[in-house]
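Presented below is the structure to which this report refers.
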Amino acid sequence: MRLTLAVHAQLYTIHSFSPDTEIPASIFSQPMFFIGKTREELSVVVPSDLALESLEQEDDWRCLEILGPLGFSMTGILSRISSTLAEANISIFAISTFDTDYILVKKDTLEAAKAALKQKQYQVIDY
């Protein structure tokens, strides 16, 4: 099976908050956002044009969406993609939803990521 990854045009920022931080309401009006909370932290991924006051932030991430939906019986998809990018020395931030997975890479590594994925027969398109 040949998977397709779609590159989002938007830049994203990954924010870190303390776990007891109230989630800013402005996040919920974004076209796409991700929130993850553990006992130790609250992480938020939002479009970079939304300014948030966080403890730490990492700017300039691009998003590769694995076009789905991907069934739960499909195994190893994220592993194979992340291994391909690791072999090319590209760091990732991975996010999963019920239907699919998203791989964020720094914008300055996007072209190398696309090349590495295409070399392994993934189709990469613009979203």
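Annotation note: of Leu110, Leu67, the sole residue that is more than 17 Å from Arg2 (Cα to Cα) and of a type in the set (A, V, I, L, M) is Leu110. Out of the range 30-47, which residues are within 14 Å of Thr13 (Cβ to Cβ), open to solvent by 30 Å² or more (accessible area, probe 1.4 Å) and not in a loop (DSSP other than H, G, I, E, B)? Within the range 30-47, Phe34, Ile35 meet the criteria.
Just to be sure before I move on: is Asp59 closer than 30 Å to Ala115 by Cα, of a type in the set (D, E, K, R) and surrounded by 12 or more Cβ atoms within 10 Å (Cβ to Cβ) in the structure I sent? In short, yes.
Restricting attention to the range 89-127, the residues being within 21 Å of Asp60 (Cβ to Cβ) and in a helix (DSSP H, G or I) number 11. Applying the condition of being polar (S, T, N, Q) and part of a strand (DSSP E or B) to the range 5-29 and asking which residue is most open to solvent (accessible area, probe 1.4 Å) yields Ser16.
The values are calculated or read from the model by the stated rules, or taken from the named source; none is laboratory data. From a predicted model like this one, the values you see are computed outputs, not experimental measurements. Cβ: placed from backbone, ideal geometry, glycine included. Neighbour counts: every protein chain shown. In case anyone asks, the SASA skips ligands and DNA or RNA and just uses the protein heavy atoms, side chains included. Shrake-Rupley method; radii C 1.70, N 1.55, O 1.52, S 1.80 Å.
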